[in-house]
């Protein structure tokens, strides 16, 4: 047997290996350093992420490589998404630092869970096999369940974690069941081979579609779209805000990658079927997300519903790749790159918005109600402006990145002939504009109730300003980000 | 030929607003002076657009073109013809007045107030100068943000309701427009270039659908009956400067949209649906005229009178003859001056009395003679008296309408009676008679700053009324070209 073993090429997975090794090192260092030298853990975590960034950047050269017996792929999309994940995680750590420290939650576990969740996302992003993908997904999810419950004395957080865990486990089960069906029909777990088998048409369609339904359900749960959205508001609300920030950012990129890998790379032959499913989920998410968000008084819940509607928009592009009998490669690229661009833009906005919620919170005070934004323009005109930029961007008003994200998604959907769906979507985004505008109204038109000055470190202030300005800048000059999404996708598909 | 004048017209006020925002509102005096300087500079850079304008040239002038979003073939494509040049000038001129009008009155957050107006002015210049559909749309929608803030922060008691209503109403239209822009992009084979769209062939069914989507967007903005209800609310609650910009410029955006998008891109649908458009316009002219008659709030009255006057504009466009379209454009410019002046006059009184109710006034002429003289002139212009700018446009449109159909012209002409009735009756109740109460008795006449603002407008109103040639001369070739274009079917 020994002579059949082929040493895998570790180079494509260098950043994952580095992160895994560093996570183990930090685990030990943290145990020995103790609570007094927690900064060491924090700094090592940062350095690890920066190191990953360097490694990934070095391999970000437009080429694709398969390794570990075709279980793991390192292509431009993977590198690009991973880079964004690192950036998002670094931002999360900086935004959340004061918040977690003030609540005595910045234990070593927090940093480790962040790292392991990141590793899970990286594996998901690079998965080229059902099992690798499942492995990454579980690694990310289990870390997230624990992070939601990190404030173990909070009944609300525990409840949220429990809900998240039970529903998440159910969804993972569905996904796994779907995978086993596909395996049964095609006899393989490798995405490329599955696609090939479906393309050849020798497989049993009924079993395939049966498996597809379960897989789509699993994906929908991770993205948090209707009807698998129930966990989102409770988890967003229940988790400590810094953790909500984390859940609402990088995992969305990983979930997008999962959808792209499974549906486009693996089950592309069933596009006609899954596009219809996505369409229903997209319309339902955009509708429900926007309507339910109006009724919220808690900003975390409001943003949770807004996340549902945004993911619905993303699906709108994902379901627009194949139209008619003829396969148009341009349409494919347009649709999937729009979906990717939308996810990236959403993560950028989501980071900023939850960052603002964290900015207004301080020791012993959770600024999580909409009321807390009252009169922000008088307390801090600069950050009111940043929040206004973020809100207008989320509402899809130009010149902000959110508009161009919607623009490219709608264009892809119209090109695929879904004009009616697009009209429904824009009408609901009109409804959605109301609750984003309400935040602007609270900040600008109302008098402040909370006069306390804003306490935040300089790093957070600078980063949050950069985040807000990035939302504006990528709206005034949207081309670079769009092109990057398109170019990486073209080279990977 | 690449010129940078249009870019300057757009970006000078926007960039100029940034240091004003950064200064903050503590240094009020500096903020006001700087704002005035920026506004005047922004006006001055638009002047060469008029003086350097080639009146015989068919097509776009001062063209600037550069790639903006190559991914979707979106260009930073600017250019003006005889139709849009006047609006850029009008907009920049009105911005100067607005800065002056807010000089002492705005005590809270002065810097943000001034910056909002300057940014809005730049964005609106962008709308008039854009020849790329996405660029147009982006400016069109972005201009909602400053107006929303202006109404909501410095507005009256019911400002929040008005601000939301304004924003959401307008957004409803623009989103439908966005969908049709994307559709046209695909039909045109991947181009957002408006000039290319003007040559685009479209069959009747999509033309009508796109026309309706555009109609919703532009009709809300004009506003046409029956989607006009946001305007009185917005006007009543907005601060004076907000009302002035709203009436003088923002309403023109909708009408401009018809000329730039609906008519040339969808000529067949425009002809097919012209009877409906004419009917809606006449309802606005006549019915809204009656509504204006019964208003007790001065600002509301002028708001309804604006809707009625804008009905004239849409009427002029959809009768498809030279004099009608030119009359409509003249009416737009004239209404820009007159409505701005009317709102400023109400603002002058409101600053002193803090009431807009007609019933609270009476005999103002006794205490404010200079003001009453100006107010009289503008009231006359609003009711379309010859030798004021209001007359020229209305007369031309009525003439055009009679050419089209006698009864349409007849119905439109009733505005001369209705307009005079509601405006002069209001003027009579406010200005004439004995001094009504102690508050009126204590009124002080206008100061030098207010005098200057009103005098500038009065000069414009009279000049345009007595000698409209400089205005019509600029637009003549472009209107001619537009009508020739619209007469050719695209089926």
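The values are calculated or read from the model by the stated rules, or taken from the named source; none is laboratory data. From a predicted model like this one, the values you see are computed outputs, not experimental measurements. Methodologically, a virtual Cβ is constructed for each residue, glycine included, from the backbone with ideal geometry; neighbour enumeration extends over all protein chains shown.
Tabulated data for the structure shown
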| quantity | calculated |
| --- | --- |
| Among the residues listed as A:208, A:212, the single one being over 21 Å from residue A:254 (Cβ atoms) and either in contact with a helix residue (DSSP H, G or I) (Cβ under 8 Å, 6 or more places away or on another chain) or part of a helix (DSSP H, G or I) (or both) | A:208 |
| Residues that are outside any loop (DSSP other than H, G, I, E, B) and over 18 Å from the mean Cα position of the chain (by Cα), drawn from region B:380-399 | B:380, B:395, B:396, B:398, B:399 |
| Unmet criterion (only one of (1) in contact with a helix residue (DSSP H, G or I) (Cβ under 7 Å, 6 or more places away or on another chain); (2) surrounded by 21 or more Cβ atoms within 10 Å (Cβ to Cβ)) for residue B:483 | (2) |
| Number of the condition not met by residue B:131 [criteria: (1) within 11 Å of chain A (Cβ to nearest Cβ); (2) crowded, with 24+ Cβ neighbours inside 10 Å] | (1) |
| Residue tally, condition over 16 Å from residue B:397 (Cα atoms) and either in contact (Cβ under 8 Å) with a residue 24 or more places away in the chain or part of a helix (DSSP H, G or I) (or both), over region B:276-294 | 8 |
| Selection from region A:378-389 of residues that are within 12 Å of another protein chain (Cβ to nearest Cβ), touching a residue at least 12 places away in the same chain (Cβ under 8 Å) and farther than 14 Å from residue A:469 by Cα | A:378, A:380 |
| Residue satisfying all of: in region B:62-79; touching a strand residue (DSSP E or B) at 6+ places or on another chain (Cβ under 7 Å) and without any contact (Cβ under 8 Å) to a residue 24 or more places away in the chain; surrounded by the fewest Cβ atoms within 10 Å (Cβ to Cβ) among these | B:66 |
| First in region A:422-440 and touching a residue at least 40 places away in the same chain (Cβ under 8 Å), second anywhere and not in a helix (DSSP H, G or I), Cβ under 6 Å, 6 or more apart | A:429/A:396 |
| Flag for residue B:127 being at pLDDT below 90 and either more than 28 Å from residue A:406 (Cβ to Cβ) or not in a loop (DSSP other than H, G, I, E, B) (or both) | no |
| In region A:21-45, the residues that are part of a helix (DSSP H, G or I) and surrounded by fewer than 16 Cβ atoms within 10 Å (Cβ to Cβ) | A:21, A:24, A:25, A:28, A:29, A:31, A:32, A:35, A:36, A:37, A:39, A:43 |
| Selection from region A:223-237 of residues that are outside any loop (DSSP other than H, G, I, E, B) and farther than 15 Å from residue A:274 by Cβ | A:231, A:232, A:233, A:234, A:235, A:236, A:237 |
| Residue A:125 being in contact (Cβ under 8 Å) with a residue 60 or more places away in the chain and in a loop (DSSP other than H, G, I, E, B) | no |
| Complete set of residues in region B:177-204 that are assigned to a loop (DSSP other than H, G, I, E, B) and either more than 10 Å from chain A (Cβ to nearest Cβ) or farther than 17 Å from residue B:73 by Cβ (or both) | B:188, B:189, B:191, B:192, B:198, B:199, B:200, B:201, B:202, B:203 |
| Set A:113, A:142, A:167, A:135: member being modelled with pLDDT of 90 or more, surrounded by fewer than 24 Cβ atoms within 10 Å (Cβ to Cβ) and in contact with a strand residue (DSSP E or B) (Cβ under 9 Å, 6 or more places away or on another chain) | A:135 |
| Test: residue in region A:330-343 that is in contact with a helix residue (DSSP H, G or I) (Cβ under 9 Å, 6 or more places away or on another chain), surrounded by fewer than 24 Cβ atoms within 10 Å (Cβ to Cβ) and either in a strand (DSSP E or B) or away from every other protein chain (no Cβ under 13 Å) (or both) | yes |
| Which numbered condition residue A:91 fails, given (1) more than 19 Å from residue A:139 (Cβ to Cβ); (2) assigned to a helix (DSSP H, G or I); (3) under 24 Å from the mean Cα position of the chain (by Cα); (4) modelled with pLDDT under 90 | (4) |
| Qualifying residue in region B:243-253 (condition: surrounded by 23 or more Cβ atoms within 10 Å (Cβ to Cβ), more than 11 Å from chain A (Cβ to nearest Cβ) and assigned to a loop (DSSP other than H, G, I, E, B)) | no |
| Selection within region B:155-172 - surrounded by 23 or more Cβ atoms within 10 Å (Cβ to Cβ) and more than 10 Å from chain A (Cβ to nearest Cβ) | B:162, B:166, B:170 |
| Restricting region A:474-486 to residues that are part of a helix (DSSP H, G or I) and in contact (Cβ under 8 Å) with a residue 12 or more places away in the chain, the residue that is farthest from residue A:387 (Cα to Cα) | A:486 |
| Subset of region B:120-168 [out of contact with any strand residue (DSSP E or B) (no Cβ under 9 Å at 6 or more places or on another chain), within 30 Å of residue B:191 (Cα to Cα) and without any contact (Cβ under 8 Å) to a residue 40 or more places away in the chain] | B:141, B:142, B:144, B:145, B:146, B:167, B:168 |
| Unmet requirement for residue B:82, which otherwise passes all of (1) away from chain A (no Cβ under 12 Å); (2) in a helix (DSSP H, G or I); (3) in contact (Cβ under 8 Å) with a residue 60 or more places away in the chain | (2) |
| Selected residue [surrounded by fewer than 24 Cβ atoms within 10 Å (Cβ to Cβ), within 13 Å of chain B (Cβ to nearest Cβ) and not in a helix (DSSP H, G or I)] from A:399, A:428 | A:399 |
| Residue check for residue A:20: touching a strand residue (DSSP E or B) at 6+ places or on another chain (Cβ under 8 Å) and touching a residue at least 60 places away in the same chain (Cβ under 8 Å) | no |
| Any hit, region B:85-105, residues being more than 24 Å from residue B:464 (Cβ to Cβ), surrounded by 21 or more Cβ atoms within 10 Å (Cβ to Cβ), away from every other protein chain (no Cβ under 14 Å) and at pLDDT below 85 | yes |
| Region A:410-425 - residue that is more than 9 Å from chain B (Cβ to nearest Cβ) and farther than 28 Å from residue A:484 by Cβ and, of those, surrounded by the fewest Cβ atoms within 10 Å (Cβ to Cβ) | A:420 |
| Tally, over region B:8-59, of residues that are over 17 Å from residue B:96 (Cα atoms) and under 21 Å from the mean Cα position of the chain (by Cα) | 2 |
| Only listed residue being within 7 Å of chain B (Cβ to nearest Cβ), assigned to a helix (DSSP H, G or I) and at pLDDT 90 or above, chosen from A:392, A:407 | A:392 |
